[in-house]
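Chemist: The structure follows.
The values are calculated or read from the model by the stated rules, or taken from the named source; none is laboratory data. Keep in mind the model is a prediction, meaning the values are calculated, not measured. As a convention, Cβ positions derive from the backbone with ideal geometry for all residues, glycine included, and neighbour counts pool all protein chains shown. Remember, those area values only see protein heavy atoms, side chains included, never the ligands or the DNA or RNA. Shrake-Rupley method; radii C 1.70, N 1.55, O 1.52, S 1.80 Å.
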Amino acid sequence: MSFAQNEPVRREAGPDTVSYSITVSAPADEIYALVADPHRHHEIDGSETVQSRAMGPHELTEGARFTVHMRKYRLPYHLPLRVTRARRPAPGSPGVIEWRQPTGHRWRWEFECLEDNDAATPRTLVTESFDTAQQFPPARAVLKLARVFAANAESIRESLRRVQRRFA
């Protein structure tokens, strides 16, 4: 895979996961700080369902709980979420932040520092994934029938573009 991506590129992650990556011209820890703050998720949400109101810490850590306020089809609702993985990126060690939705699927962001001695600005490979592999199989089947995977693929691509533009 080329690391000079201006558009999101699909990653093969299995039949139960939708995953895309993009290269962002910024240090991995700065991008991680943005995504690890649920009070800022509305800034990068490509689905335009996440609202500016969130409850919980400003930096997610493993085991933390937080709630985001959402709006879809003009209907407001909120999602209580639990962080299942959180690791800040470090040289030679990619960062990851992942949270579990109430129905069992997970949203995961990964941040891999790209080595390029010629680049004036640090670059990071950012991957966002919607993962239903650990979800109760009937719930996963309903999501597939409702074409949620295709909708989330487009939302992921737009979220990654927003992150890229944020650091442009």
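Chemist: Among GLU12, GLU7, which is open to solvent by 70 Å² or more (accessible area, probe 1.4 Å) and either in contact (Cβ under 8 Å) with a residue 60 or more places away in the chain or touching a strand residue (DSSP E or B) at 6+ places or on another chain (Cβ under 7 Å) (or both)?
Modeler: None of the others qualify; the one that does is GLU7.
Chemist: Also, quick follow-up: Within the range 120-168, work out how many residues are of a type outside the set (A, V, I, L, M, F, W, C), in contact (Cβ under 8 Å) with a residue 40 or more places away in the chain and assigned to a helix (DSSP H, G or I).
Modeler: Of the residues in the range 120-168, 11 are of a type outside the set (A, V, I, L, M, F, W, C), in contact (Cβ under 8 Å) with a residue 40 or more places away in the chain and assigned to a helix (DSSP H, G or I).
Chemist: Something else about it: Give me the strands (runs of 3 or more DSSP E) completely within the range 52-115, filtered to those with at least 2 residues that are exposed (fewer than 14 other Cβ atoms within 10 Å of the Cβ) and not small (Gly, Ala, Ser), ordered by residue number.
Modeler: Passing ranges, in order: 65-72, 75-87.
Chemist: On to the next question. Within the range 28-44, is even one residue over 18 Å from SER159 (Cα atoms) and either without any contact (Cβ under 8 Å) to a residue 40 or more places away in the chain or out of contact with any Pro (no Cβ under 6 Å at 6 or more places or on another chain) (or both)?
Modeler: No: the range 28-44 contains no residue that is over 18 Å from SER159 (Cα atoms) and either without any contact (Cβ under 8 Å) to a residue 40 or more places away in the chain or out of contact with any Pro (no Cβ under 6 Å at 6 or more places or on another chain) (or both).
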